[in-house]
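Please read through the structure below; I'll follow up with questions.
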Amino acid sequence: MRLKDTGMTHEEFTATVEKYMMNLAPRFDLIADTAKGMSVFDENGDEYLDFYGGIAVSSAGNCNPKVVDAICMQALELIHGSNYPYTVPQGMLAKLICETLSYEKIWFQNSGAEANEAMIKLARKYGTDHYGENRYKIVTALNSFHGRTMATLTATGQPGTGIQNGFGPLVPGFSYAEFNNLESFKDACDEDTIAIMLEPVQGEGGVFPATEEFMKGIRELCDEKKMLLLFDEVQTGWGRLGSTMGYERFGVKPDIVSMAKAMGGGMPIGAICTSEEIAKSFIGAHGSTYAGNPICAAASYAQIKEILDYHLPQNALAKGKYFMKKATELPHVKEVRGLGLLMGIELEPEVSAAEVKHECMERKMLITAMGHNTLRLVPPLIVSEAECDHALGILKDAISAVAKD
Ligand SMILES: Cc1ncc(COP(=O)(O)O)c(C=O)c1O
């Protein structure tokens, strides 16, 4: 459905949205009418360079033709299955992901938060099954982001912020330690702790990568204390960091990993992967009506094949290095952080990231801003060097316009 199909003008349509929808957060001043590859188009056909990828989702390019084909074909054959019958897209996707990542078992969910919720539930159930019901505590990192359900917003290490405020009482059993500080995690864990849960790069928190030393130390700590290591790879998985999964960049493998975003190419699907032994704790104890829905699974199968067949993790690695090196030369930049194509540019305090984002929109490029002065850039992983140069040029002009150079 496109704007022309509604008979409304831009203003009439946006007023309709404002009237009927809960307006929970500011939107771009843009109607995303169509999209293709590295571009999003408004209702007039004006082209915007996509450097936000639908929040790190459209990794094989917007409306990737193979993903589109898979969705259309599957819709003609079987839209819904539930978890009672076997369905072919779900089974084939399970095989593809388990074999690619060398995990024994997978369980599908419908989003990132739901995948994390399942990961938390599985860790607790495993704790109860193996050590008794007091072993349920989970330590997460300060400044993390794990989702907006009750358990995942509690797991999100941002006490006192809008993510948690007003939603109390929060779920018991979560505590926070300082990211990249092994001693802080050691102090936070006790005999009732069953798991440590981490993002390899804190994405929503402002793009802060973990250090290899920290990740390896955490793995050893988990092994030593018989705790599970849980990685939230909702944003970092499937190529974003320059490797198939983010954990490969640290030489550390988690006991359970969650994923979503890029794996669906825009369709709502998430998953957790783990060992056969840990997965046993979920038998008869968890479920979902829609999870692993045939259309989402068919889209995800096509999307993951595209990511692997076209070596998009390798492209993310190369283009991320290229972009971040050049980004340090932009005016008013305090720090450039990131891994692969999960990139953050922290500007000098007097330059507002929200205003730079707005100036980028004016110059037909889409990015997101975080906190007061950090820009987040998460383009599709198909991005070329020429598109990186184009984006850097727009950023330079946008930053200079805001700083009034
Ligand atoms: C690391 C991480 N975990 C979980 C989530 C929540 O995913 P969803 O919005 O699909 O529920 C996000 C979303 O940005 C995320 O970045």
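Looking for whichever is small (Gly, Ala, Ser) and crowded, with 22+ Cβ neighbours inside 10 Å here; the options are Ser258, Ser281, Ser243. Which one fits?
When all the criteria are applied, what remains is Ser258.
Quick check on Gly91: is it crowded, with 17+ Cβ neighbours inside 10 Å and either within 16 Å of the ligand (Cβ to nearest atom) or not polar (S, T, N, Q) (or both)?
no
Lys125: of a type in the set (D, E, K, R), out of contact with any Asp or Glu (no Cβ under 6 Å at 6 or more places or on another chain), at pLDDT 95 or above and in the same structural domain as Asp232 (by TED's automatic domain parsing), yes or no?
yes
Just a yes or no: is a residue in the stretch 323-337 of a type in the set (S, T, N, Q) and within 14 Å of Ile382 (Cα to Cα)?
no
Right, here's the next one. Taking the options Ile79, Ile97, Ile71, Ile106, name whichever one is among the β-branched types (Val, Ile, Thr), surrounded by fewer than 13 Cβ atoms within 10 Å (Cβ to Cβ) and away from the ligand (no atom under 16 Å from the Cβ).
The unique qualifying residue is Ile79.
Of the residues that sit in the stretch 265-285 and are assigned to a loop (DSSP other than H, G, I, E, B) and among the small types (Gly, Ala, Ser), which one is farthest from the ligand (Cβ to nearest atom)?
Gly284
Only one of Ser102, Ser144 is more than 19 Å from Gly264 (Cα to Cα), in the same structural domain as Asp190 (by TED's automatic domain parsing), touching a Ser or Thr at 6+ places or on another chain (Cβ under 8 Å) and not charged (D, E, K, R); which?
Ser144
Of the conditions (1) part of a loop (DSSP other than H, G, I, E, B); (2) within 20 Å of Gly61 (Cβ to Cβ); (3) within 12 Å of the ligand (Cβ to nearest atom), Ala262 fails just one. Which one is it?
For Ala262, the exception is condition (1).
The values are calculated or read from the model by the stated rules, or taken from the named source; none is laboratory data. Nothing here was measured: the structure is a model prediction, and the numbers come from that model. Here Cβ is always computed from backbone atoms with ideal geometry, including for glycine, and neighbour counts include all displayed protein chains.
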